[in-house]
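Accompanying notes for the structure given below.
Each reported figure results from applying straightforward, stated rules to the coordinates on display, with no laboratory input. Source: prediction; values computed, not measured. Because the Cβ atoms are built from the backbone with ideal geometry, glycine has one as well, and the counts that use them run over all protein chains shown.
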Amino acid sequence: MDCNELDNISLVAKDHAENPRNFGMLSVFNGHARITGPCGDTMEFWLAIRNARVEQVSFVTDGCAPSLAAGSMATSLAQGKPIAEAMKIGQQDILNALGGLPTESEHCPLLASNTLKAACKNYLGIKPGGEEQLPSPTSGAKKPETSPKPGLNRKPQESQEHFEERLKLQDRMSSIRHKIVVMSGKGGVGKSTVAVNLATSLAMAGKKVGLLDVDIHGPSIPTMLGLEKSLLEEGEDGLLPVLQGNMKVMSIGFLLASQDDAVIWRGPRKMKVIQQFLSDVAWGELDYLIIDSPPGTGDEPLSVCQLIENPDGAVIVTTPQKVAAVDVRKSVTFCRQLNLPVIGLVENMAGFACPKCGEVTPILSSGAGRRLAADMDVKFLGAIPIDPAIASAGDNGEPFVDYFKTSPTAKIIKEIIQEVLDFNKS
Ligand code: ADP
């Protein structure tokens, strides 16, 4: 059939041939196949499988209109399906969905279905004629035997180096199930304290956790965990996070000879450091990555949120003072502009917890955080009092929720963390 002669095929097939869906290589994928059919046409499929479901699928073909229609329809049928069902999509299913094709083109849906099946098998680790291996939903991207078609997913004017770094970062992030950004409108409100205790609680609950400190101007996590003297090691696949029990920790502070380094970097240099830092860390598979973001709503947190790609949401930390309301509004607006869900608001340093009995005495007017959250239509996660034990735990490198498990303040923090976990479940 001539490419230009689309008149003899159904309207559905014509539409798919003229506007193929899901055309082009996926930048992050964990299943891939390319097959050349007896007619000489080549079909290539990429799959991004998550939780045994086809989250994204794409294809390319050098064939003519019916090949385009068949590949396009195969991707549309496979999208969102459990992998077991995607594997069963056959020639007839594609033909039916297209409303039929002329007999001489019926081999095209067969080629599409075979290539889709082969990509599923590639994901499952089934070699042609070989035994099935243990499926590993996040075993990392398997690269195609051929190099990607140049320029397919590269942004206009993006350098090859930048593009490759972006791919590397996406690849790393695809092995992490949940990414939570902890942010605040300004520094010193307890953002890192919340990030450390959130990550520690999750690790104590048996989750595989990474804690990432990208607070370029005040990377305090090494101090809070007693890891200031840690030396970074380079593994085969990139920088290895430092282990704190079973939690993996990476801080931009590990890379700075002195904290003044970051202060003298100008804007673009800072962004470059953040991007390179993010793409260099070899996290492996994680249940949660907790990200301690730079404070504010400027270029630095913006880069972090954009580079991390699809974080689950943000926890915003604030203090009870009236002036902090402005910062919270800015942070919530920032998240909304980025389509980043707000998990909720934590009010830190709300009242004073008596070191002897744990009773909380309000210092400033109480309830400001809750009112602000209601006003901004975000969830109020809880109020943490000023507790001298939090400050001393931070100074001594002891995660508070671990060292003061039974204190009333630790209980409050755990309730907040439960809210965050519930958000992830919903
Ligand atoms: P940020 O990350 O927002 O700059 P940090 O988490 O580093 O803030 O906290 C700043 C300081 O305040 C740290 O010394 C920390 O131990 C202390 N701190 C934070 N929250 C509390 C609290 N609820 N009670 C007592 N000290 C706190």
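Counting charges near G367 (Lys, Arg +1; Asp, Glu -1) among other residues having Cβ under 14 Å from its Cβ returns a value of +1. Each 10 Å bin from 0 upward holds the following percent of the Cα-Cα pairs of the chain: 4, 20, 25, 20, 15, 10, 5, 1, 0. Each Cα pair under 8 Å and six or more residues apart adds its separation to the average, and for the range 259-415 the resulting relative contact order is 17 percent.
Any chance you could give the angle, 0 to 90 degrees and rounded to 10, that helix 324-337 forms with the longest Cα principal axis of the chain? Taking the Cα atoms of the chain, the angle to 324-337 is about 10 degrees. Checked against a 24 Å cut-off, the cross-linked pairs K121/K207; K186/K272; K229/K356; K270/K330; K186/K270 give Cα-Cα distances beyond that limit for K121/K207; K229/K356. Other residues lying with their Cβ under 10 Å from the Cβ of T115 contribute a combined charge of +1, Lys and Arg counting +1, Asp and Glu -1.
For the range 1-125, rounded, prolate or oblate, judged on the Cα gyration tensor with a ≥ b ≥ c (square roots of eigenvalues), a/c < 1.5 rounded, else prolate if a/b > b/c? It comes out prolate by the Cα gyration axes. Kindly state, to the nearest 0.05, the FRET efficiency for D422 paired with F23, given R0 = 25 Å and r defined as their beta-carbon distance. Efficiency at R0 = 25 Å is approximately 0.05. Counting only DSSP beta bridges with both residues in the chain, the antiparallel share comes to about 40 percent. Only bridges whose two residues both fall in the range 188-262 count here: according to DSSP, what percent of them are antiparallel, nearest 5? Around 60 percent antiparallel, to the nearest 5. Per-residue ellipticity at 222 nm from helix content only, as computed over the chain with -39500 (n - 2.57) for each DSSP H run of at least four residues, stands at -11500 deg cm²/dmol. Quick one: helix 191-204 against the long Cα principal axis of the chain, what's the angle to the nearest 10°, folded into 0 to 90? Rounded to the nearest ten degrees, it is 70.
Would you mind estimating how fast the range 198-245 diffuses translationally, via Stokes-Einstein at 20 °C and 1.002 mPa s with the Kirkwood radius over Cα pairs, in µm²/s?
Translational D for this selection: 176 µm²/s.
Here the contact order of the chain, divided by its residue count and restricted to Cα pairs under 8 Å and six or more residues apart, works out to 14 percent. Distance between the pseudo-spin-label points of N339 and N310 (7 Å out from Cα toward the beta carbon): 1.1 nm. Beta bridges from DSSP with both residues in the range 260-382: antiparallel share about 20 percent, rounded to the nearest 5. The angle between the Cα long axis of helix 408-425 and the longest principal axis of the Cα atoms of the chain comes to about 10 degrees, rounded to the nearest 10.
A dipole drawn for the chain from +1 and -1 charges on Cβ atoms has a positive end, and of I94, I9, I176 the residue lying farthest that way is I176.
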